[in-house]
Amino acid sequence: QVQLVESGGGLVQAGGSLRLSCAASGSIYGITLMGWYRQAPGNLHELVASITSGGITYYADSVKGRFTTSRDNAKTTVDLQMNSLKPEDTAVYYCRIVTTTHNYWGQGTQVTVSS
């Protein structure tokens, strides 16, 4: 069973940056979408950013201009560069990889932004 492993979370001051990375433990074929979600206490699961197999990106309005997602198909990794972080970005961040037959989720990594 392929697993997704996230890294790069932590504590940062407002205005700072973090880079999240997500790597698959094995080969994944037929990828259609790779993305990042987040969930803060009391909030719904939110799509933050995604990138399709064709390289088309999507960003939530709340992170546009601050976050950038990128992928490496050969390594089956997806990253999320987060700049100008705000306290409201505090959440557990999850990566997701969707294929034509499977839907993989990471275990989540905590991002905490202090004011």
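The table below gives the values:
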{"quantity": "Candidate residues Val98, Val78: accessible-area rank, largest first, probe 1.4 Å", "calculated": "Val98, Val78"}
{"quantity": "Percentage relative contact order, segment 63-115, counting C-alpha pairs under 8 Å, at least six apart", "calculated": "30"}
{"quantity": "Trypsin sites (Lys or Arg not before Pro), loop per DSSP, at most 12 other Cβ atoms within 10 Å - longest free stretch of the chain", "calculated": "1-63"}
{"quantity": "Heavy atoms of Ile51: accessible area, 1.4 Å probe, square angstrom to 10", "calculated": "10"}
{"quantity": "Added length on full extension, which subtracts the Cα-Cα distance from 0.36 nm per residue, Asn43 to Ala60", "calculated": "4.6 nm"}
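The values are calculated or read from the model by the stated rules, or taken from the named source; none is laboratory data. Small disclaimer: the values here were computed from a predicted structure and weren't measured. Because the Cβ atoms are built from the backbone with ideal geometry, glycine has one as well, and the counts that use them run over all protein chains shown. With ligands, DNA and RNA removed, areas are computed over all heavy atoms of the protein, side chains included. Shrake-Rupley method; radii C 1.70, N 1.55, O 1.52, S 1.80 Å.
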